[in-house]
Amino acid sequence: MAANQASAPGYDPHKPEQLQTAQLRWEALTPTASDFDDVYFSRDAGPEESRFVFLDHNQLPARWQSCDYFVMGEIGFGTGLNLLVAIQDFLTQAPPQARLHWISTELYPVSPEDLQKAHQCWPALGEVAAWLQAVYPQAVSGFHRLQLHPRISLDLLLGDAESHLSHYQGRVDAWCLDGFAPSKNPGLWSDTLLQQIARLSRPGTTLATFTAAGFVRRGLEAVGFQVNKVPGFGKKREMLCAQFDSASLASTSAPPSAPPGKVAIIGAGLAGLATAEALKRRGIQVDIFEAGEIGQQGSGNRQGVLYIKLAVDSNPSNRLFLHGLNFSRLWLKRLDPEQVFWRPSGVLQLAHTAAEQARQARFFARQSLPETLVHPVSAEQATELAGTPIHTEGLFYPLAGWVRPSALAAELGKQFNVQTHQPVLQLDALDSGWQLHTPSGQHHYDQVILACASQAKDFGVTDWLPIKALGGQVTHLPVRQDQTLPRCVVCGKGYVSPAYEKNLCFGATYRLHDPDLSLKVSDHQHNLEALQSSLPQLLSQLDADLQQPPQGKVGQRCTSPDYLPLVGAAPDPKDPQQPLPGLWLNLAHGSRGLASIPLCSELLVSQLLNEPLPVDRELLKHLNPARFLLRKNKKPKA
């Protein structure tokens, strides 16, 4: 059970903010919600009751034995007990390749400390409980896509259940209604919430709940469920189980999609490789075509910064990058637990001008986020964090850091069939699928994903794309161990990463309308001046002889007019409301791609397979590749 109720007046589901954690009162080993005076689970047989009410009365053991992919929805996450029991049973009862996706809501999340304490009550669930604890998010409202196991994923919707479910897109096979008792938490059993449950259900979706309250039964029947009252668990006399009526029109959930067939990805940068990884997790193999080598252009830097810069007012970009930062961090942790290719060093964002200082002050006046995500620091605190003298205040992002994009791409590339030096010269639509023309011949695929940055404009069907290549140069300078070097990433006029392999990487310049990819002394000078502005005493220690040819890397970022990625089905330029069947885009991640690419790749694959989506429907509109064509069509004609 969980402390999930109607939210307070003024709650904005589109504004990420710190949530109040559940206030627990511990009675022996049983947590009780102080605000609701109700227990989270049975004192005597919590897992057994969960299994009886929510698994057995959704007929899950039998249904799991013949499934490939199963989606569970839950109202009231609480301590995660229902999820843990379900994982344990699913992994032993479902086929070896089957996957479980769990969706749950929670307005008052349990703190990590209370979560661990509650899990100690069930030693038999210790292993799966550790999986949840390892990815458990901060108490920030919004959608959180979490991967607990190669076969188990979780969408934890923190905030008001009704608001979040109204913006959720997916198909649910079975529901667990596990909020606190209707008499103590009526907001979680409202008619409007039940309408959202019906919207996300499909013909045959089942539901179970511990309560037998008459208004709950009538509410479920009103939205299309056929409800039965059955004996409850232990001393509870009755409970409800239900099935969604196939004749009901309340559901708008789409049926599951057919297998995707043969899949090709064009582009072996991080966007293409992260998409391939998301497909591989689902048991789908891909072929990748790359015009050059793996991890070039924007993915070819020695070091890149995993960071976000949040706007003063909440907007789609803030939601994308807040979710994306945590998703990227967990993605990297899962791929590289030894931190060979990344470091969560933290990122300092300096208030290097009066305007930036004022902007940061407005940001904290209007936003409410936990200090473990971002907090202001004085110049003295910044100096202590960076380990090198800093003379201005700023913001510190403890969960951010730096990545070795080129090395990470090379390592990821080993997992897939990447055909390097095989540019796709032509892309033709067929009656079924797409024809790729490469120097090695013609290749037919059912699904094609363009993850080749600005080169996506080279194909006739996508030559309308409003994306552009923005060049830039980073500088590499050799350093010595006796020098005082930054311990975390420092961003000011430019950025500088902690030294790696006796080199300091900093930059970067922006070259608009300049296709030249050669290193330039003028860009080197620009980066040195930016470093001087942020860390003046550091530069004085470095041997930066401008008479020598600059060392560094030149690449190109792909950007869009609104600086948000293009993720999803490629639209028909003649009718933007309609997609081109089997053609997908994952483009324009710009300079913050390390915080957007993994999540956007997960989103694209979820769309391709018609699985529940990891972002809300409003944000989805802002990532839709058709948005520019739709806006153009809406403009009044002169």
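The values are calculated or read from the model by the stated rules, or taken from the named source; none is laboratory data. Nothing here was measured: the structure is a model prediction, and the numbers come from that model. Note: ideal-geometry Cβ built from the backbone for every residue, glycine included; neighbour counts use all protein chains shown. Quick note on the areas: whole protein, heavy atoms, side chains included, nothing else; ligands and nucleic acids left out. Shrake-Rupley method; radii C 1.70, N 1.55, O 1.52, S 1.80 Å.
Numbers below:
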item: The stretch 440-549 - percent of accessible surface contributed by carbon and sulfur, probe 1.4 Å; result: 48 percent
item: Straight-distance crosslink candidates among aspartates and glutamates, where the alpha carbon sits under 19 Å from residue 280 and sequence neighbours closer than 8 are dropped; result: 68, 290, 336, 411, 446, 602, 611
item: Simple Cβ-charge dipole of the stretch 56-208, Lys/Arg +1 and Asp/Glu -1, about Cα centre, in debye nearest 20; result: 300 debye
item: Prolate/oblate/rounded call for the stretch 177-243, Cα gyration tensor, a/c under 1.5 rounded; result: oblate
item: Per residue accessible area in Å² of the stretch 143-205, where ligands, DNA and RNA are left out and the probe is 1.4 Å; result: 24 Å²
item: Full-extension gain in nm, residue 435 to residue 293, via 0.36 nm per residue minus C-alpha separation; result: 48.9 nm
item: Amide H within-cut-off set for residue 470, under 5 Å, with H built and near neighbours excluded; result: 557, 558, 559
item: Simple spin-label estimate for residue 113 and residue 510 in nanometres, 7 Å along Cα-Cβ; result: 4.4 nm
item: Cross-link reach list, lysines versus residue 229, counting only Cα pairs under 23 Å and skipping chain neighbours closer than eight places; result: 184
item: Kirkwood Rh and Cα Rg combined as Rg/Rh, the stretch 470-546; result: 0.97
item: Exposed GluC sites (Glu not before Pro) absent - longest run of the chain, DSSP non-H/G/I/E/B, at most 15 other C-beta within 10 Å; result: 1-292
item: Charge dipole (debye, nearest 20) of the chain; +1 at Cβ of Lys and Arg, -1 at Cβ of Asp and Glu; result: 840 debye
item: Nearest-ten-degree value, helix 521-534 long axis tilted from longest Cα axis of the chain; result: 60 degrees
item: Coil-residue trypsin sites (Lys or Arg not before Pro) of the stretch 148-213, DSSP, other Cβ within 10 Å capped at 11; result: none
item: Efficiency of FRET between residue 532 and residue 14 - r from beta-carbon atoms, R0 35 angstrom, step 0.05; result: 0.30
item: Contour excess over end-to-end distance, with Cα ends at residue 312 and residue 563 and 0.36 nm allotted per residue; result: 88.7 nm
item: FRET efficiency, residue 124 to residue 149 (Cβ-Cβ, R0 22 Å, nearest 0.05); result: 0.85
item: Tensor-based shape of the stretch 251-350 (alpha-carbon gyration tensor, a/c under 1.5 rounded, otherwise prolate or oblate); result: oblate
item: Shape of the stretch 555-638, Cα gyration tensor, a/c cut at 1.5; result: oblate
item: Largest-first ordering by accessible area, 1.4 Å probe, given options 352, 375; result: 352, 375
item: Cα coordinate range in the chain, projected on the principal axes (Å, largest first); result: 86, 63, 55
item: Helix 270-281 vs. the chain, principal-axis angle (Cα, 0 to 90°, nearest 10); result: 30 degrees
item: Reachable aspartates and glutamates, given that their alpha-carbon falls under 14 Å from the alpha-carbon of residue 235 and they are not under 8 places away in the same chain; result: 44, 48, 49
item: With Cα atoms, 0 to 90° folded angle of helix 81-93 axis to the chain main axis; result: 90 degrees
item: Length released on extending from residue 221 to residue 338, taking residue separation times 0.36 nm less the Cα-Cα span; result: 36.9 nm
item: Alpha-carbon centroids, the stretch 76-152 and the stretch 396-411: separation in whole Å; result: 27 Å
